[in-house]
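First up is the structure itself, then whatever we jot down about it.
The values are calculated or read from the model by the stated rules, or taken from the named source; none is laboratory data. Keep in mind it's a predicted model, so treat the numbers as computed, not measured. Here the Cβ positions follow ideal geometry from the backbone for every residue, glycine too, while neighbour counts run over all protein chains shown. Side chains included, ligands, DNA and RNA excluded: accessible areas come from the protein's heavy atoms. Shrake-Rupley method; radii C 1.70, N 1.55, O 1.52, S 1.80 Å.
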Amino acid sequence: MALSDKTKQVSGWRTQLGQSWQTIKQIIRPVRPAQRAGMGAVPHDNGVIFRVWAPHATAVFVIGTFNNWQHGQTPLASEGNGLWSANVPQAQLGDGYKFVIQNGKQQLLRTDPYAKEVRAPYHDSLVRNGFVAGVDTTALASPISLSTTAVSSSAQTVPTQPATFQPPALHELVIYELHVGTFGDEEGNPPYDFEAVIKKLPYLRVLGINAIELMPVKAFPGELSWGYNPNHPFAISQIYGGPEALKQLVQAAHAQGIAVIVDVVYNHFGPGELSLWQFDGWQQHGLGGIYFYNDWRSKTPWADTRPDYGRPQVRQYIRDNVRMWLEEYQIDGLRWDATSYIRNAHGHDSDPGADIAEGWALMQGINGEMAHRNPRHIRIAEDLQANKWLTEPIEAGGAGFNSQWDSQFVHPIREAIIAPRDEDRDMLAVRDALQFRYGADVFSRVIYTESHDEVANGKARVVHEVTIADGSDVLAASRAALGAALVFTAPGVPMLFQGQEFLEDGWFDDKRSLDWQKATQNSGMVTLYRHLIALRRNLQGKTRGLSGQSINVFHVNDAAKLIAFHRWHFGGPGDDVIVVVNFANRMLTDYKLGFPRGGAWQVRLNSDLKAYHPSFSSHHVGTVTAVPGEYDQLAYQATLSIGPYSVLILSQDGRS
């Protein structure tokens, strides 16, 4: 045997002996808890830290591609506080893994609750870089402490990078709600993905909106879903493209000057294919175990899976989820789904005995942290109980959201524009909808005539509802335009739902994509929305009052079905705005109204133009001149005319 061959043989023996010795050492040396902080899988230069909360487990192992998915080879050590962890040197980025949890005779195979990426069909977690959960990156002065001893924040810190993009201020915000799975216009059927949304961003920029609100994009079972059934709360849907594609969407939106808001679901998880259910084998009354209430508070309209907000580890889990959106994905705001079911077991204010105090505290704490981190972060509640305390300041006892979806606007306005007979349109109800506010800030409400809820579940798009009510579609476009004009001129944060601007009909269905041909067929309506949005955002400097705090509904004629109101910020030319709305199917001429200032008032928008829709009458309205003389308790008066089912927006020359 040549010397070189013998050297190779000896070297091979040494390698085998070294590997055997490493195995022996692993057997005889007890596994030690990981020293680095972080939940789930935390990659680093010398392997991957795995950590999981399983307080009732008798043993925990991790299996994955790094150990050929062999059970029992890679144990985790108990940290004595319900957490189990270990450093696994051979694991690396991209590895698939799962936890094996033993609880007595039970042996449970579980997806990592903190998995940032989950792959079908076996729900394998993937090791990814990025946000490290369970590690506080900033010292936040939260009025409600959400701290937990589950993870020490001193072991590792991740510096927060300041975002270069700033979302619009609340009074400037115009939201476009969309569903990723149905928003594309490429060949084929839903679901579409984040890339399809990116392709439509230039269209949205030209439309004029400055924020998109994504219906939930967390992982969910199957291919089609509204998204309100998240089964892996930290994982982004692979159907939509996964985490990197979402980051690309956010970056692309910011480049177009568009903020990104995501819907989050913390009132329940699942229920389908939910690995969190009875996660470590413990449960009471056959309910969900450590992540959920195990008594009467578990019940929600969707499943018995309300998170246990009273457990520090569950509060931390939700808090970490919020931080993931803000830190890793650079999301600009959150819209919380059905907050009434977080703060009350029955989802309403009529049973204070069912209030969930720790749910309220959770919302306060997270909103306080978000506001401290960036006061421009958008914090929206969908509560729909007309409860002002959702948007009251935390220091006053409120939940600390800066806006909430407003049921007091959408329902009376939809009734007024959908009713088939003019005599059934209630101008007093419209007045009340215009004037309603939750507190000192008129922008503490989000106003709309269409949303994913309002155009589904037995309800439909405004044009569809009008057509069914009237028995004809002749007047559908004009009455939809009435609703749109009120959304963009009333006090509040205006929101439209995907396709509303081109008269999408029917109802929302996750199996049906938008009919983008209507954007061409009804291009005039798209232009109407573009003009309304430009006026709302004061892009020409002539309608600043539409983003002001003040409104005076000075004229309500229930017999003629006409209403007029004044919007202003400081007042004066370019600031004062008068809005006149005709809810009747007849033209009105020589109609007298009060005005706050004398002189010429220019028509900035007349919704009756045929350029917007061929069914409109194109009744011309010229400059309106107000002269001294008290009327409508205002110091000046003028006469004007207005077309059927139409809106006039007027202001005086002079930039604000």
Restricting region 52-98 to residues that are out of contact with any Asp or Glu (no Cβ under 8 Å at 6 or more places or on another chain) and charged (D, E, K, R), the one farthest from Tyr317 (Cα to Cα) turns out to be Asp95
Within region 208-231, restricting to residues that are aliphatic (A, V, I, L, M), surrounded by 20 or more Cβ atoms within 10 Å (Cβ to Cβ) and not in a strand (DSSP E or B), the one that is nearest to the chain's Cα centre (by Cα) is Met215
The correct count of residues that are touching a residue at least 60 places away in the same chain (Cβ under 8 Å), open to solvent by less than 70 Å² (accessible area, probe 1.4 Å) and touching a strand residue (DSSP E or B) at 6+ places or on another chain (Cβ under 9 Å) in region 622-656 is 14
Boolean, Thr467 is within 26 Å of the chain's Cα centre (by Cα) and of a type outside the set (A, V, I, L, M) = no
- Scanning for something surrounded by fewer than 18 Cβ atoms within 10 Å (Cβ to Cβ) and aliphatic (A, V, I, L, M), does region 510-529 turn up at least one residue? no
Of the listed residues (Val60, Val48), the one being modelled with pLDDT of 95 or more, more than 21 Å from Tyr291 (Cα to Cα) and aliphatic (A, V, I, L, M) is Val48
Query raised in the report: Somewhere in region 189-201, is a residue touching a residue at least 60 places away in the same chain (Cβ under 8 Å) and assigned to a helix (DSSP H, G or I)?
Result: no
Restricted to region 244-263 and to residues being surrounded by 21 or more Cβ atoms within 10 Å (Cβ to Cβ) and either outside any helix (DSSP H, G or I) or not aliphatic (A, V, I, L, M) (or both), the residue farthest from the chain's Cα centre (by Cα) is Ile258
message = When you scan region 560-575, do you find a residue that is open to solvent by 60 Å² or more (accessible area, probe 1.4 Å) and in contact with a His (Cβ under 8 Å, 6 or more places away or on another chain), even just one?
response = no
Expected single match for open to solvent by 30 Å² or more (accessible area, probe 1.4 Å) and under 30 Å from Leu362 (Cα atoms) among Ala399, Ala386, Ala469 is Ala386
Checking Leu486, Leu482 in turn, the sole residue that is open to solvent by less than 10 Å² (accessible area, probe 1.4 Å), closer than 22 Å to Pro614 by Cβ, of a type in the set (A, V, I, L, M, F, W, C) and out of contact with any Ser or Thr (no Cβ under 7 Å at 6 or more places or on another chain) turns out to be Leu482
(message) within 30 Å of Gly257 (Cα to Cα), in a loop (DSSP other than H, G, I, E, B) and touching a Leu at 6+ places or on another chain (Cβ under 9 Å): is that true of Tyr309 in this structure?
(response) no
